[in-house]
1. Could you list, in sequence order, all residues of the range 215-225 that are within 19 Å of the chain's Cα centre (by Cα) and not in a strand (DSSP E or B)?
2. Considering the range 7-31 alone, what residues qualify as being within 15 Å of ASP91 (Cβ to Cβ) and under 28 Å from the mean Cα position of the chain (by Cα)?
3. Exactly one condition in (1) more than 22 Å from SER66 (Cα to Cα); (2) in contact with a strand residue (DSSP E or B) (Cβ under 8 Å, 6 or more places away or on another chain); (3) surrounded by 16 or more Cβ atoms within 10 Å (Cβ to Cβ) is not met by GLU174; state its number.
4. Out of everything in the range 1-13 that is modelled with pLDDT of 95 or more and over 19 Å from LYS255 (Cα atoms), what residue ends up being surrounded by the fewest Cβ atoms within 10 Å (Cβ to Cβ)?
5. What's the total number of residues in the range 182-195 that are touching a Ser or Thr at 6+ places or on another chain (Cβ under 9 Å) and free of Cβ contacts under 8 Å to residues at least 40 places away in the same chain?
6. What is the one condition in (1) within 25 Å of TRP248 (Cα to Cα); (2) among the aliphatic types (A, V, I, L, M); (3) in contact with a helix residue (DSSP H, G or I) (Cβ under 7 Å, 6 or more places away or on another chain) that LEU130 does not satisfy?
7. Evaluate the following for GLU59: is it without any contact (Cβ under 8 Å) to a residue 40 or more places away in the chain and under 19 Å from PHE251 (Cβ atoms)?
8. If you go through the range 65-73 one residue at a time, do you hit one that is free of Cβ contacts under 8 Å to residues at least 60 places away in the same chain, closer than 15 Å to TRP248 by Cα and touching a helix residue (DSSP H, G or I) at 6+ places or on another chain (Cβ under 7 Å)?
Amino acid sequence: MVEEARYIYSIARTGKREHLGEIGIEKKAVYTLPHKDIAAVVHSCEPKPYDTKNRTQAEEWVFEHSYVIDQATKRFGSILPFSFDVILRGDDSQIEAWLCRNYEHLHEELKGVEGKAEYTIQIYYNYANLQSKVLDGNPELKDLQNQIEKESKGKAYLLSKKLDQRLKGLVSAEEARLANKYLPRIHRQVDKLIIDGKRSWIPEDCRDMKLLASYSCLVREDKVERLGVILDEINSQEGFRVRFTGPWAPFSFVKLGDLA
């Protein structure tokens with residue numbers, strides 16, 4: 001007898017058993033397993049991970065996983081998304097028992113994201129443009145720059161190193177000032193905000209720019225438009241470019257690691 005398992009995509013707000021169609025990984029039939037007013041969105045599978053050394057295959061599985069989460073969001077509203085390849089051993093009744101054991105935690109997490117979605121914000125700037133503004137606004141450095149043009153090659157070289165070092169420090173300070181200037185305005189429009197680290201992927205239209213700030217935000221539906229207006233104001237400034245993407249399932253804002 002083959003042991004059963006269920007691949008879990010998300011937790012949704014529904015108390016009904018519903019069939020979403022053959023939209024899962026490798027065209028598996030996706031359905032809901034309810035307990036009270038919540039349900040797990042799953043498909044039946046063997047109790048083993050989706051593992052492959054074929055990169056194209058792996059990317060296709062991840063895409064299919066994301067597609068089900070998108071469809072569940074459209075159908076049920078805000079959901080608790082699971083990362084790729086979360087498999088629970090057992091048949092439907094065992095998964096329902098798992099939902100029962102974890103009901104309070106899942107219910108509270110779902111309550112915390114209802115009516116909200118995740119958005120990402122990235123603010124880029126033109127370094128040369130900001131450097132020029134800092135230099136123009138500092139009379140002492142402008143005098144030093146003028147002095148360099150009049151000195152001998154050797155002394156000009158030493159003064160140039162001094163100018164570059166001081167200018168670099170002032171530009172870094174200006175970067176921090178700008179990030180701190182924009183953050184409170186953004187923060188007022190979101191429920192939760194995570195400051196992201198540096199991102200390895202840079203969009204094509206920002207390749208010649210530097211990342212000033214990157215945020216993941218949990219935003220209420222009625223605050224999205226106002227947030228967009230604020231970001232448009234930043235984007236319209238000379239030398240700045242803002243990427244505002246979403247809505248996404250709230251992966252960054254749900255805690256599902258302690259489920260028994």
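The values are calculated or read from the model by the stated rules, or taken from the named source; none is laboratory data. The structure displayed is predicted, hence computed values, not measured ones. Positions of Cβ are generated from backbone atoms using ideal geometry, with glycine treated the same way; all protein chains shown enter the neighbour counts.
1. Our first condition is that a residue be within 19 Å of the chain's Cα centre (by Cα); within the range 215-225, this holds for 215-221, 223-225.
Matches in the range 215-225: GLU221, LYS223, VAL224, GLU225.
2. TYR7, ILE8, TYR31
3. (2)
4. Per the criteria, the residue is ALA5.
5. Applying the first criterion (touching a Ser or Thr at 6+ places or on another chain (Cβ under 9 Å)) to the range 182-195 yields 192-195.
Going one step further and asking which of them are free of Cβ contacts under 8 Å to residues at least 40 places away in the same chain, we end up with 193, 195.
Residues flagged as touching a Ser or Thr at 6+ places or on another chain (Cβ under 9 Å) and free of Cβ contacts under 8 Å to residues at least 40 places away in the same chain within the range 182-195 amount to 2.
6. (1)
7. On the way: without any contact (Cβ under 8 Å) to a residue 40 or more places away in the chain: yes; under 19 Å from PHE251 (Cβ atoms): yes.
Yes; evaluated as a whole, the condition is true for this residue.
8. Among the residues of the range 65-73, at least one is free of Cβ contacts under 8 Å to residues at least 60 places away in the same chain, closer than 15 Å to TRP248 by Cα and touching a helix residue (DSSP H, G or I) at 6+ places or on another chain (Cβ under 7 Å), which makes the answer yes.
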